[in-house]
Amino acid sequence: SLEEDERGTDAYAQHRRMRWVAGIFLPIAAFSSAAVIWLMVMSVDAHWYSTLFAWYATASWLVAAVGLTIVVLVFLKTMGYYGEVTTEHLHDLGKYLFAFSIFWTYLWFSQFMLIWYGNVGEETVYFQTRRDEFPVLFWANLALNFILPFFILMANVTKRKFGILTFVAIMVVFGHWLDYFQMLKPGILETTVEAAHHAHSDDHSESTLAIEEGVTQHTGTSTSEYAHANEEPISGTHGTTGADGVEDDHDGATDHGDNHFYAGFTIPGLLEIGTFLGFLSLFFLTTLTALSKANLVARRDPYLEESLHHHV
């Protein structure tokens, strides 16, 4: 864009080259982003899969990007920049936010409905876990990313008011961050608990084996014979069975299948919120720094004249 302003002609050669580069990068971005989603998000629930997942996650990215675009543009306009941007332009961005929020919901419902209708246990466990064990996240996800944007932005007038549009944009950005939180955290929690359980079981097995070896060396009899002779179990059991049939751990906690509150998993903790704000600050820093080096209104742009006379 800077090169077009400084050395461009009416042929717009730089603009045409940028379109070619963008066109070449488009399939690369599509496949690489899908691979990142599969490897870094869907793989957390190793035995679950969805053919719609990459589309769903990408739609979440897109809606959040539109929301951040609105926030940055309104902020710069309130600071006195972008005088050429009118209510009509913000109205268009509001329509994008409204439309792609519905598109995201369409993909969410399609994924949920097909898995519910198929009723395959390996697939339904994904939504069952989130609906039953993380209900606040599950329903807040729908409320923030579909119900509220849909009803607030349904009227034309709300898409033309900077304050309301900015509020919805911020809410949607936070909502889709929360969407990724509930995609990841239930699976991470299950993996963490299972790993701790296996580690505990390994420690228990090692301690039991050590006791068995000690008894055999001391008495010359096997562990089972020693236990039978003394009419008591070998020490090393770390829990007792409660009235509900669930074995209690050594610290009195019950099996991880029960519902518990886990900071950083049931709701975002300080680490998650801090990471979110840190990356958001990095985004604003890089974006505003790049914009400060450019002309906010390009001197040479093939679509500039059309955009300046834009109207519904």
Non-local residues with an amide H under 5 Å from the amide H of residue 267, with H modelled 1.01 Å from N and Pro and chain starts lacking one, are 262
Quick check: at a probe of 1.4 Å, how many percent of the accessible area of segment 1-75 sits on carbon and sulfur atoms? 73 percent
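Roughly speaking, to the nearest percent, how much of segment 104-167's 1.4 Å accessible area is carbon and sulfur?
Heavy-atom surface of segment 104-167 belonging to carbon and sulfur, 1.4 Å probe: 70 percent.
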What accessible area, in Å² to the nearest ten, does a 1.4 Å probe give for residue 84? 80 Å²
Which order do you get for 21, 173 if you rank them by accessible area with a 1.4 Å probe, largest at the top? 21, 173
Give the accessible surface of segment 1-155 per residue, rounded to a whole number of Å², with probe radius 1.4 Å and ligands, DNA and RNA excluded. 58 Å²
Grab the beta carbon distance between residue 191 and residue 84, set R0 = 51 Å, and tell me the FRET efficiency rounded to 0.05. 0.50
Find the centroid of the Cα atoms in segment 99-120 and in segment 285-312, then give the distance between the two in whole Å. 37 Å
Ranking request for peptides 91-98, 135-142, 175-182: highest mean number of other beta-carbon atoms within 10 Å first, then the rest in descending order. 175-182, 91-98, 135-142
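The values are calculated or read from the model by the stated rules, or taken from the named source; none is laboratory data. Remember, predicted model here, so these are calculated numbers, not experimental data. Here the Cβ is made from the backbone with ideal geometry for all residues, glycine too, and neighbour counts use every protein chain on show. SASA here: full protein model, heavy atoms, side chains in, ligands and nucleic acids out. Shrake-Rupley method; radii C 1.70, N 1.55, O 1.52, S 1.80 Å.
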